[in-house]
Amino acid sequence: MKESNNEGTKNIVVLGWVAFFGGLSQDMISPVLPTFYAQVLGLSKETIGLIEGSMTTVVSIFKILSGIISDKLGKRKSIVFIGYLLSAIGRLLLFLTTGAGSALALRWLDGIGKGLKDAPRDALVAKSSSKSRTGFAFGLQRMLDTLGSFVGPLITTYLLIRFAPFGLMKYRYIFIIGGLVAFVTIILIGLFVKERLGENVGTKFKLDPSLLKGRFLLFFIVMMVFTLGNSSDAFLILRAENVGVSPTTIPVIIAIFNLFYALLSVPSGVLSDKIGRVNVIRLGWLIYAITYVGFALARLPWHIWLLYIIYGVYYSTTEGIAKSLVVHIVDEKMRGTAFGLYNASVGLLAIPASAIAGILWDKVSPSTPFFFGAICALLAIGLITIFRIE
């Protein structure tokens, strides 16, 4: 039993570093993609929106499919491996992109990989942890993933300066380096992640309709209410610019946000193991509501700095904790499907949430989307309290 626990802990740590290098690679590339599309490929804003928007849809679809497939086959590691491999190939080959068609194909390849890996990776983390420590396990995942997102843009900023003499070719060089970093995840998964025989429950798997009933359904509904007011973080950037924050300062603010998010993820996870996941999620949503009211009322640049730090606290108390809660309310053999539905639905509802925010911004005022988000968060707090999910 002790050997099994040690193996589980090793899995959790290794998968955390997999998340780190995956996030590092992604956030080395994503800050320069819009500029690359526009300046190097000469794409219109509509085309850029089509490429990135369709990728979001692809990711969401494959999150659901990968969860169902991993439950059916009882195989987690192999699907996670394939997912990270496809993403790595898609990112590396971006340096060969010559137009909209090739850019779309490679972003879809990356999107398929991202969609494939998430649900089975979460199921692997859940299986590798005892139920009493799932908050810590998922907190560690979020911490290392977010540290990658903190370091990635900083490396890209250095490379943009270092490769400045190469002109527009500098973007292609960044894609090569970012793509090679992504292949580190393949090495880690292939050599160090273990899948115990007991995880191969796929031969007995059936899509039980009860998954869409009971506590998981109630949590699903609550998350939909919250997510409807949780628009794209692009609106936070627009609001920062709206109150006078310099565009060149925003990457630094986001890096600080990611740092607080990363540093507090494990403590928040441990806290959820002690006082209950729903209690920590409620706290996180309350912090979210306060932060969004702050963004609505912000008038000076220093307000934005402070609000982004608090926003990092919100993320640390919800992202990993919500997945830990799913572990506790869903049967083991259906966790892949549950994680797939959870991850995909949150991603898909982000589209209408952002559309609503955009309409409120244009038709009412720049403050209104944030008041709306705060109201949705408070409604979600009320519902999760009434439903008594945990």
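Listing for the model above:
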| quantity | calculated |
| --- | --- |
| Spin-label model distance (nm) - SER246 vs ARG162, 7 Å beyond Cα toward Cβ | 2.4 |
| Exposure proxy order (Cβ contacts within 10 Å, fewest to most) of THR98, THR47, THR385 | THR98, THR385, THR47 |
| Label-point gap, in nm, between ASP362 and SER232 - each point 7 angstrom along Cα→Cβ | 1.3 |
| Value in Å of the Kirkwood radius, where region 282-324 supplies the Cα pairs that are averaged | 10.6 |
| Cα radius of gyration and Dmax for region 249-390 (Å) | 16.2, 51 |
| Chain lengthening between SER130 and LEU263 when straightened (0.36 nm per residue, less Cα-Cα) | 45.6 nm |
| Mean separation of Cα contacts under 8 Å (6+ apart) over length of the chain, as relative contact order % | 27 |
| Whole-number Å³ per residue for the convex hull built on Cα positions in the chain | 131 |
| Computed lengthening from VAL270 to GLN39, 0.36 nm per intervening residue step minus Cα-Cα distance | 78.6 nm |
| Links that overshoot a 19 Å alpha carbon limit, given the list LYS131/LYS333; LYS77/LYS333; LYS75/LYS114; LYS72/LYS131 | LYS72/LYS131 |
| Residue-span extension gain [TYR173 to SER102] - 0.36 nm each, minus C-alpha spacing | 23.8 nm |
| J(HN,Hα) series, region 351-361, from Karplus relation 6.51 cos²θ - 1.76 cosθ + 1.60, nearest Hz, glycine and proline x | 5, x, 4, 6, 5, 4, 4, x, 5, 4, 4 |
| Estimated FRET transfer efficiency when R0 is 51 angstrom, pair LEU191-LEU300 (beta carbons, to 0.05) | 0.50 |
| Calculated on alpha-carbon atoms, Rg and Dmax of region 1-194 in Å | 17.5, 59 |
| Contact order normalised by residue count of region 1-194, Cα under 8 Å, 6+ apart, percent | 44 |
| Relative contact order (%) - criterion: Cα under 8 Å, at least six apart; region: region 206-390 | 42 |
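Any read-out appearing in this document is the output of simple, stated calculations on the displayed coordinates, not a laboratory observation. Here the structure is a predicted model, which is why all the values come from computation and not from measurement. Methodologically, a virtual Cβ is constructed for each residue, glycine included, from the backbone with ideal geometry; neighbour enumeration extends over all protein chains shown.
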